[in-house]
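*Asks:* Below you will find the structure I want to go over with you.
Derivation of every value follows stated rules applied to the coordinates shown; laboratory data play no part. Just so you know, these numbers come straight off a predicted model, no measurement behind them. No Cβ is skipped: glycine too gets one built from the backbone with ideal geometry, and neighbour counts run over all protein chains shown.
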Amino acid sequence: MSKTVALTAGERDLVDAARRARLHAHAPYSGFRVGAALRSRAGEVFAGCNVENASLGAGICAERGAVMQAVAAGMRPGELATVAIYTTDPRLTPPCGMCLQVLVEFGRDATVLLAAPGKVRRTRLGALYPEPFTEIPAPRRRRR
């Protein structure tokens, strides 16, 4: 149930940044190339692409790659405003569960733009991941 929506100029720029990042993806095993770009509340844009590895668990998704770039540049929890994910799959592709968990740490209800050639869907992170794990319980002290 995807339909093309009218985007703001800033959203179009973000989708385009995700599309360009996808061109750099390293996906020799799945062939599924993904680009992501995020905008912080300060207006900074960071992009990432998926990078696969022969040791499958060592790969990283595009969304987490973009978040790592943003954090290295100083973005902190609560500062994620919008993320765009671009693939060429006929179906719009939302972030995987691990990426949703990482994204929610930085912008619990950020705007999410799911994009592919000729179509875009705008949603919210809270709609894709309504009950995130957001608190780590304090460690219990051992009794002696």
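So that you can scan it fast, the table gives a plain yes or no per residue for (1) farther than 29 Å from Phe133 by Cα; (2) surrounded by 13 or more Cβ atoms within 10 Å (Cβ to Cβ); (3) not hydroxyl-bearing (Ser, Thr, Tyr):
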| position | (1), (2), (3) |
| --- | --- |
| Leu7 | yes, yes, yes |
| Val15 | no, yes, yes |
| Ala18 | no, yes, yes |
| Phe32 | no, yes, yes |
| Gly43 | no, no, yes |
| Ser55 | no, no, no |
| Ala73 | no, no, yes |
| Leu80 | no, yes, yes |
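Table: residues versus (1) free of Cβ contacts under 8 Å to residues at least 60 places away in the same chain; (2) at negative phi; (3) surrounded by fewer than 17 Cβ atoms within 10 Å (Cβ to Cβ).
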{"residue": "Arg76", "(1), (2), (3)": "yes, yes, yes"}
{"residue": "Pro90", "(1), (2), (3)": "yes, yes, yes"}
{"residue": "Gly97", "(1), (2), (3)": "yes, yes, yes"}
{"residue": "Leu114", "(1), (2), (3)": "no, yes, no"}
{"residue": "Leu125", "(1), (2), (3)": "yes, yes, no"}
{"residue": "Thr134", "(1), (2), (3)": "yes, yes, yes"}
{"residue": "Pro137", "(1), (2), (3)": "yes, yes, yes"}
{"residue": "Arg142", "(1), (2), (3)": "yes, yes, yes"}
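*Asks:* Based on what the data block shows, is Arg108 of a type in the set (Lys, Arg), surrounded by 13 or more Cβ atoms within 10 Å (Cβ to Cβ) and farther than 18 Å from Ala47 by Cα?
*Replies:* Here the answer is yes, as Arg108 does meet what is asked.
*Asks:* Provide a single number: the residues in segment 11-39 that are closer than 21 Å to Ala110 by Cβ, of a type in the set (Gly, Ala, Ser) and free of Cβ contacts under 8 Å to residues at least 60 places away in the same chain.
*Replies:* 3
*Asks:* Taking segment 25-38, which residues are within 15 Å of Leu103 (Cα to Cα) and in contact with a Gly (Cβ under 7 Å, 6 or more places away or on another chain)?
*Replies:* Ala36
Conditions tested, residue by residue: (1) among the polar types (S, T, N, Q); (2) over 13 Å from the mean Cα position of the chain (by Cα); (3) within 15 Å of Ala116 (Cα to Cα).
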position: Val45; (1), (2), (3): no, no, no
position: Ser55; (1), (2), (3): yes, yes, no
position: Ala58; (1), (2), (3): no, yes, no
position: Val67; (1), (2), (3): no, no, no
position: Ala72; (1), (2), (3): no, yes, no
position: Gly78; (1), (2), (3): no, yes, no
position: Thr88; (1), (2), (3): yes, yes, yes
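*Asks:* Can Arg141 be described as among the basic types (Lys, Arg), over 11 Å from the mean Cα position of the chain (by Cα) and within 22 Å of Ala47 (Cβ to Cβ)?
*Replies:* no
*Asks:* Of all residues in segment 8-23, which are of a type in the set (A, V, I, L, M, F, W, C) and assigned to a helix (DSSP H, G or I)?
*Replies:* Ala9, Leu14, Val15, Ala17, Ala18, Ala21
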